[in-house]
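What follows is one structure encoded as structure tokens, with my remarks underneath.
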Amino acid sequence: MTSTTSIQKPQLDSLVLLRGLAAIMVCFYHFTYTLPAGYVAKFFHEYGLYGVEIFFIISGFVIPLSLFNSKYQLQDYGKFLYKRLLRLHPPYLAALLLTLITIFFSYRVRHVPFPETAASILGYVFYQGHPADNPVFWTLKVEAEYYLFIGLFYAALCRAPKLTLYVLMPFLLVLGQTGANDVVRLLEFLLFFMIGTVGFLLYVNKGNRSENILIISALLIAVAFVYNVGLAFLCCATIVLIVGYQVRLSGLPELIGRMSYSIYLIHFVIGVKFINFLQHRMPLACRPFLFTAALLVSIGAGWIFYKLVEERFEHLSRRIRYGTPSRTHHSIMTASQAS
């Protein structure tokens, strides 16, 4: 197997842009009930939910790219998991605590019994369920399962790319359409992660380019068949923007992209509570302004959360390195070399 150094390319601002867009889309989905019934509300509700799938495609691309550039090998698996845990779990725990405190006082004011128990809260810590007042947490279990998976799948992709892409990946995707996804939730959404992963192969120019394009096309057709054509088009636009275009971000769009995880974690418990508090005190004609205000409040709260919590653990996770500086990176073989 040939060795190569990591590919140094310009920072992918397209990823930052898409992260921010995905977070705002999910906010739109959850806040549309404030809007008068009509086309705009229906559009936001139907397509805002797909921000989650955009996040999955981004993870499917950026995690393998990070492993590639950091010279990851299978022996680094434990360190990789610790790095991801340090990056994402403490902010989740902080958001969980914020959620529990918020709903405790909300239920108390309304003289409604607090719905959580010590057992349920302990389960939430390990992604076993989620509070009804912050349903977005369900995706974090999928992401956690993906990290457990990709550290192994990436190693397999490096050692036997043909076998991994043409045998293992289709097997897992078919498995995801069975009852197995009730046990491993990742399998239900693996299709989106794999679009990102094959996009990574295109980006770093590994394997046969034509074959990789055909694989992505097949995955997009599968999305259209299993879900719908609109989502397939959105997935196509996402991976094309990531792989094929360089954008330069600055100002508010860049900031929203960088703190998208924070916005995602707390937008429901902040934005929806904000809406519920005010909507009955405002005339129907003012609901669009309430929608906008909830979005701005969520972004502002996300910035505070990012600065106080997420940014600290983001910096800590960056200190974790794989292997030694002299280590050679065993790269993915070209199609002619692959077994």
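Listed values, structure above:
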| item | result |
| --- | --- |
| Every pair of residues 6+ apart whose Cβ atoms lie under 7 Å, when the first sits in the stretch 105-117 and is within 13 Å of Pro131 (Cα to Cα) and among the basic types (Lys, Arg) while the second is at pLDDT below 90 and part of a helix (DSSP H, G or I) | none |
| Verdict on Leu97 being in a helix (DSSP H, G or I) and without any contact (Cβ under 8 Å) to a residue 12 or more places away in the chain | yes |
| Members of the stretch 313-337 that are modelled with pLDDT of 80 or more and loosely packed, with under 13 Cβ neighbours inside 10 Å | His315, Arg318, Arg319, Arg321 |
| Spans of helices (runs of 4 or more DSSP H) in the stretch 225-275 with at least 2 residues out of contact with any strand residue (DSSP E or B) (no Cβ under 8 Å at 6 or more places or on another chain) and among the polar types (S, T, N, Q) | 260-267 |
| Matching entry among Val183, Val204, Val125, Val174 (being touching a residue at least 40 places away in the same chain (Cβ under 8 Å) and surrounded by fewer than 20 Cβ atoms within 10 Å (Cβ to Cβ)) | Val204 |
| Check on Leu17, under 16 Å from the mean Cα position of the chain (by Cα), under 29 Å from Phe274 (Cβ atoms), modelled with pLDDT of 90 or more and surrounded by fewer than 22 Cβ atoms within 10 Å (Cβ to Cβ) | yes |
| Residue within the stretch 227-241 that is closer than 16 Å to Val62 by Cα, aliphatic (A, V, I, L, M) and without any contact (Cβ under 8 Å) to a residue 60 or more places away in the chain present | yes |
| Residue selected from the stretch 75-108 under the condition hydrophobic (A, V, I, L, M, F, W, C) and modelled with pLDDT under 95, by the criterion nearest to Ser260 (Cα to Cα) | Ile103 |
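The values are calculated or read from the model by the stated rules, or taken from the named source; none is laboratory data. Just so it is clear, the structure is predicted and the values come from calculations on it, not from any experiment. Glycine also receives a Cβ, built like all others from the backbone with ideal geometry; neighbour counts cover every protein chain displayed.
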